[in-house]
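See structure below.
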Amino acid sequence: MIPFLDLAATYNELKPQLDEAVMQVLGSGQYILGNEVALFEQEWASYCGAQFAVGVANGLDAIILALRALDVGPGDEVIVPSNTYIATWLAVSAVGAKPVPVEPDPFTHNIDSSLLEAAVTKATKAIIPVHLYGQPADMEPILQFARAAGLAVIEDAAQAHGATYRDRKIGAHGDIVCWSFYPGKNLGAMGDGGAITTDRADLADNIRMLRNYGSKVKYINEVKGHNSRLDPIQAAILRVKLGVLDEWTDRRRQVAAYYSEALAETSLILPHIPNWCAPAWHLYVIRTRDRIGLQERLKASGVDSLIHYPVPPHKQLAYADAGLAPGSLPIAEELADQVLSLPMGPHLSHGDMCTVAEMVKLHA
């Protein structure tokens, strides 16, 4: 079986450096925040081209704290993509605000900026574009619209480590950018982890306080905060992996380029990449009306694949009270019925990518 993603290979390639980094933390006696987290925050901010980075416990917390730092709460509305992982919506709900879905561009699968104006009401406070699959959303029209409307922009970059938009790395286009370091991400920890990046000192300071019980000084709590701090062991692991992120991104791009060339003559709908971005290729997502059949045939041939995502947020039981009936967001629903993610990662061998492409062509 060719796995969808070989996580053990990421450890095996860097085993000596990772083992040493973890042992240094264990020997330091500093197990909450501390030097490793501070160093990673500096290095991650620099990599992203941002002034500040703040490490938090996970990607969901990153969005929740970003919303709180921007004073989004009960009675507010936040524009979100209809086509995204449910965490984007859950963060909005967690602060008491209402997620207002906007359909994607059917070619890029990212939020369609031309539909934003129709979604805005007097209660709208922010927009959360998602850089889905590691492909940047088209930020220029989103930012222009947001600035004119007086709305904050929170980027969900959980899948976009190393991606670039108009020759600039994702990391500080909007007011604040939210990251996940879940193990399967392009820059993945060995457990949960997350961060925000921003050019705004006020937001960075606010999130540092919010992640630590609402406290800047021990036992002095200015607001009702959270316990959401990046673990120093995970920070040490991320520092090692950050050193190879660009190399691993290049490997992913080679896999994506091979797939796109090898599958060009099939009836499948392949990823559409505008010339203004360079995706990080967290996922390589194809579309087919025979998604389940193709997935089963690939599995029988020894090729693993996944569906990102089979049920859009508005059709989840969690949002049954949102009043969004089946058929109300048809593009998101069509994508959910057709998308299939092929094996992708920096450790997929040339032989394996050839086999994947051949099996897809054989069974599509």
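The values are calculated or read from the model by the stated rules, or taken from the named source; none is laboratory data. Computed from a predicted structure; not experimentally measured. All Cβ positions, glycine included, derive from the backbone under ideal geometry; neighbour counts span all protein chains shown. Heads up: the accessible areas ignore ligands, DNA and RNA and are worked out on the full protein's heavy atoms, side chains in. Shrake-Rupley method; radii C 1.70, N 1.55, O 1.52, S 1.80 Å.
Hey, if we sort Ser82, Ser113 by accessible area with the 1.4 Å probe, largest down, what's the order?
So, going from the largest accessible area down, we get Ser113, Ser82.
Put +1 on the Cβ of every Lys and Arg and -1 on every Asp and Glu Cβ in the chain; which of Gln135, Pro313, Leu268 then has its Cα farthest towards the positive end of the dipole?
Pro313
Return the subset of Lys98/Lys185; Lys224/Lys315; Lys185/Lys216; Lys299/Lys361; Lys98/Lys125 for which the Cα-Cα distance in this structure is over 22 Å, preserving the input order.
Pairs exceeding 22 Å: Lys98/Lys185; Lys224/Lys315; Lys185/Lys216.
Rounded to the nearest 20 Debye, what is the dipole magnitude of the chain about its Cα centre when Lys and Arg each give +1 and Asp and Glu each give -1 at the C-beta?
It comes to approximately 480 debye.
Please figure out what share of the DSSP beta bridges in the chain is antiparallel and state it in percent, rounded to the nearest 5.
The antiparallel fraction comes to roughly 60 percent.
Probe of 1.4 angstrom, ligands and nucleic acids ignored: what's the accessible area per residue over the chain, in square angstrom?
Using a 1.4 Å probe on heavy atoms only, each residue of the chain averages 42 Å².
Which of Val100, Gly49, Gln24 sits farthest toward the positive end of the charge dipole of the range 2-111, with +1 on the Cβ of Lys and Arg and -1 on the Cβ of Asp and Glu?
After comparing all options, I get Val100.
Just reorder Leu245, Leu7 by solvent-accessible area, largest first, 1.4 Å probe, all chains present.
Accessible-area ranking of Leu245, Leu7, largest first: Leu7, Leu245.
So how far, in whole Å, is the C-alpha centre of the range 247-276 from the one of the range 323-364?
Answer, in whole Å: 12.
Round to the nearest 10 and report in Å² the accessible area of Arg208, as given by a 1.4 Å probe over the protein chains' heavy atoms.
80 Å²
For Ala257 and Ser328, compute 0.36 nm times the residue count separating them, minus their Cα-Cα distance, and round to one decimal in nm.
22.1 nm
Would you tell me the accessible area of Glu13, worked out with a 1.4 angstrom probe on the heavy atoms of the protein chains, in Å² to the nearest 10?
70 Å²
Once the piece of chain linking Leu317 and Asn227 is laid out straight, how much longer is it, given 0.36 nm per residue of separation minus the C-alpha distance between them?
29.6 nm
Could you tell me the calculated FRET efficiency between Ile32 and Asp246, based on Cβ-Cβ distance and R0 = 35 angstrom, to the nearest 0.05?
0.70
Could you give the length gained on full extension between Phe107 and Lys218, defined as 0.36 nm per residue of separation minus the Cα-Cα distance, in nm?
Separation in residues times 0.36 nm, less the Cα-Cα distance, equals 35.0 nm.
Looking only at chymotrypsin sites (Phe, Trp or Tyr not before Pro) in DSSP loops with at most 16 other Cβ atoms within 10 Å, what is the longest site-free stretch of the chain?
108-218
From largest accessible area down, sort Asp304, Asp192; use a 1.4 Å probe on the protein chains.
Asp192, Asp304
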